[in-house]
Amino acid sequence: QVQLVESGGGLVQPGGSLRPSCAAPGFTSIRYIMTWYRQPPGKERELVATITSFDSSTNYADSVKGRFTISKDNTKNTLYLQMNSLKPEETAVYYCNVRSLTGLRPIDYWGQGTQVIVSS
C-alpha cells in the first residue's frame, strides 16, 4: 500500500515561511488529486489547496490565495506546500492526501500530519 510521509513543519514567526512536503514512495496511479488539509486546535479539518495529476490545475482556499503555492515533483513522488506570510491562526496540523481516481472507486491515502506553529 501507499505510505505518505510528511515533513517540513515546525515553529515559525508570524510573517514567516515554511515548505512542508509529502512523499509518496511506491505510489502508482494515472489519475489522482493531491490535497493539503489542515486542522487547527479544536477545529475541524479544512481544505487548503489541491493539485491534479492530469493537468496540474490548482485550487486554493480563499484564505491562502496569493500566499500559498501547492506543487508536485513527479520524479520524486513528492507534494509540496509553500506557505508564505504565515499568520498565527494558521497554526495547525497539516495533512497531505492523495486521492486515486484510477479505480472503480476513489481511494484516499493520508500522511501522518506535520505540526505548524505560527507564533512569536
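The values are calculated or read from the model by the stated rules, or taken from the named source; none is laboratory data. If you're wondering where the values come from, they're calculated on a predicted model, not measured in any experiment. Cβ sites come from the backbone with ideal geometry, for glycine too, and all protein chains shown count toward neighbours. SASA here: full protein model, heavy atoms, side chains in, ligands and nucleic acids out. Shrake-Rupley method; radii C 1.70, N 1.55, O 1.52, S 1.80 Å.
Tabulated data
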item: Hits in the range 54-76 - residues which are basic (Lys, Arg) and under 13 Å from the mean Cα position of the chain (by Cα); result: Lys72
item: Positions within the range 77-105 being within 20 Å of Phe27 (Cα to Cα), in contact with a Lys or Arg (Cβ under 8 Å, 6 or more places away or on another chain) and open to solvent by less than 70 Å² (accessible area, probe 1.4 Å), in sequence order; result: Thr78, Leu79, Tyr80, Leu81, Tyr95, Ser100, Leu101
item: Enumeration of residues in the range 48-76 that are free of Cβ contacts under 8 Å to residues at least 12 places away in the same chain and more than 26 Å from Lys87 (Cα to Cα); result: Asp55, Asp73, Asn74, Thr75
item: Count - residues of the range 1-53 that are open to solvent by 60 Å² or more (accessible area, probe 1.4 Å) and among the hydrophobic types (A, V, I, L, M, F, W, C); result: 4
item: Search result, residues across the range 7-37 that are farther than 14 Å from Ile70 by Cβ and charged (D, E, K, R); result: Arg31
item: Residues of the range 106-120 that turn out to be surrounded by 14 or more Cβ atoms within 10 Å (Cβ to Cβ) and not β-branched (Val, Ile, Thr), as a count; result: 4
item: Qualifying positions in the range 77-109 - touching a strand residue (DSSP E or B) at 6+ places or on another chain (Cβ under 7 Å), of a type in the set (D, E, K, R) and under 26 Å from Leu11 (Cα atoms); result: Lys87, Glu90
